[in-house]
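Every number in this text was worked out from the coordinates using simple rules, so none of it is lab data. This one's a predicted model, so the numbers in the text were calculated from it and none came from an experiment. Note: ideal-geometry Cβ built from the backbone for every residue, glycine included; neighbour counts use all protein chains shown.
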Amino acid sequence: MIRPDVIDLIRVKPGKKFRLKDHNPGWKQSDEFEELGKEALKERAKDILAANLADLAEAQDLLYADGRYSVLIVLQAMDAAGKDGTIKHVMSGVNPQGCQVFSFKKPSTEDLAHNFLWRCMKSLPERGRIGIFNRSYYEDVLVVKVHPEFIGRQLPRKKETFGKAFWTKRYEDINAFERHLVRNGTVVLKFFLNVSKDEQKRRFLERLDRPEKNWKFSPSDLAERGFWDDYMTAYEDALAATSTAEAPWYVVPADNKWVTRAVVADVVTTAIRGLDLHVPELTDEDRKRLDAARVALAAEE
């Protein structure tokens, strides 16, 4: 497992000043890591990931059997930060029946006819399950904030009214929504995969240079890259306003995929293990029914 003090480095502290530039997107998170070296750290990360995958599979079974809690994992990031790969690798050992993945792209006409939380609310995980949101309701304080012209499709107001107070109220709506989820048994884990602009460029070029990856590239990816600084400001504001004790944000280094996957797997596994889960205890009546079933089966020819 990753030491708690290391995880604390990437957790956004509620009510504290937060700046993205204070979070290294690479593997050099501390002097200790730099002294250890990249290759040694990479091997350690692989070991941590493998151990967590085994633990996560067991924890998920217990989560399902216990039936009191659900887990919501929110992944937000710039394009090419590795959301899909993180889901694939971290959830590789999880029973598909106990895990649901939803990817939220451009809202539909039906989505726009409801409040901005609606399309995600109806996809929340059931008790006993892990739900993963690949993008989420946070798009409405990120993409929409960078492109305020989209707001007109959501609310019957004039564009000039969408100032600081409007976004503050949206953050309040999100915080209230997540508090409601936590109070009702949903563990909310939010990860911002922090990829650098240089690394995004490298990954975009790889998608263009390798035919088998061409399908992953969209001209809109390049267009949105032009708004990089605006997005960083939007993320900074959103993470600072919505990282709470109940539902904290984790700024996960994403320039090295082995770091990303080890960190996300560790946080998720540790959170589920901390729920004091147990297999439901049988009542005396349940035991009598089991004994009767055993006798019936033994009596069969």
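Between TRP118 and ALA298, the contour length at 0.36 nm per residue exceeds the Cα-Cα span by 59.5 nm. Taking the Cα centre of the range 4-299 as reference, the dipole from Cβ charges on Lys and Arg (+1) and Asp and Glu (-1) amounts to some 940 debye.
Taken as Cα centroids, the range 1-44 and the range 55-99 sit 22 Å apart, rounded to the nearest whole angstrom. Label zone of ASN95 (point 7 Å out along Cα→Cβ, amide N under 19 Å): in the range 119-143 this covers 125-132.
Going down the list LYS83/LYS213; LYS46/LYS213; LYS122/LYS190; LYS42/LYS216, which pairs span over 23 Å between their C-alpha atoms?
Values: LYS83/LYS213 16 Å; LYS46/LYS213 25 Å; LYS122/LYS190 18 Å; LYS42/LYS216 26 Å.
Pairs exceeding 23 Å: LYS46/LYS213; LYS42/LYS216.
By the helix-only formula, in which each DSSP H run with n ≥ 4 contributes -39500 (n - 2.57) and the sum is divided by residues, the chain has a 222 nm mean residue ellipticity of -15500 deg cm²/dmol. In angstrom, the C-alpha Rg and Dmax of the range 4-299 are 21.4, 79. Of the GluC sites (Glu not before Pro) found in the range 84-178, those in coil by DSSP whose Cβ has at most 15 other Cβ atoms within 10 Å are GLU126.
For the pair GLU35 and LYS16 in one chain, pulling the backbone fully straight at 0.36 nm per residue adds 3.9 nm over the alpha carbon distance.
With contacts defined as alpha carbon pairs under 8 Å and 6 or more residues apart, what's the relative contact order of the chain in percent? Please report the intermediate quantities before stating the final value.
Values: 390 pairs, mean separation 101.6, N = 301.
Over the chain, the number comes to 34 percent.
Multiplying the residue separation of LYS46 and ARG287 by 0.36 nm and removing their Cα-Cα distance gives an extension gain of 82.4 nm.
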